[in-house]
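**Q** Structure in structure tokens, see below.
The values are calculated or read from the model by the stated rules, or taken from the named source; none is laboratory data. As the structure is a prediction and not an experimental result, all values here were calculated from the model. Note: ideal-geometry Cβ built from the backbone for every residue, glycine included; neighbour counts use all protein chains shown. What goes into the accessible areas is simple: the full protein's heavy atoms, side chains included, and nothing from ligands, DNA or RNA. Shrake-Rupley method; radii C 1.70, N 1.55, O 1.52, S 1.80 Å.
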Amino acid sequence: MSDTSMDSTGEQEVLVVASKVKKFIKEKGGCNTSAETLDVLSNAVRALCMRGIDSAKNDKRKTVMARDIAIDHL
């Protein structure tokens, strides 16, 4: 299984809601958000999802559960 989500142009899909992320960063820190930030966040979400998928499959489940998504660096 591929860990990339491609749109119709072959680019990786953004998996976060850009307007929500930009609003959060603006409200909490008064900062603007670059497009690259959305790519980095999407890649982090993609990696977490893949870890969750692997964990669920290792447990012979078809449902990814919260316990499958380990966030060990926050």
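**Q** First compute the accessible area of the chain with a 1.4 Å probe, then give the percent of it belonging to carbon and sulfur atoms.
**A** 56
**Q** Ok, one more. Using the Cα gyration tensor of the chain, with a ≥ b ≥ c the square roots of its eigenvalues, what is the shape: rounded (a/c below 1.5), prolate (a/b larger than b/c) or oblate (neither)?
**A** Oblate shape, in that a/c is at least 1.5 and b/c is the bigger or equal ratio.
**Q** May I ask you to give the solvent-accessible area per residue for the chain, in square angstrom, as obtained with a 1.4 angstrom probe?
**A** 78
**Q** A further question follows. Between Ala70 and Val40, what length in nm is gained on full extension when 0.36 nm per residue of separation is reduced by their alpha carbon distance?
**A** Here the segment from Ala70 to Val40 would lengthen by 9.0 nm.
**Q** Starting from a Cα-only point model with no solvent, please compute log10 I(q)/I(0) by Debye for the stretch 30-71 at q = 0.19, 0.21, 0.22 1/Å.
**A** The Debye formula, applied to the Cα set alone, gives -0.59, -0.65, -0.68.
**Q** While we're here: Starting from the 7 Å offset along Cα-to-Cβ, what nm value, one decimal, do you get for the label separation of Lys57 and Thr33?
**A** Using points 7 Å along Cα→Cβ, the separation is 3.0 nm.
**Q** Relative to the first principal axis of the alpha-carbon coordinates of the chain, what is the inclination of helix 35-58, with its axis defined by its Cα atoms, in degrees from 0 to 90 and to the nearest 10?
**A** 10
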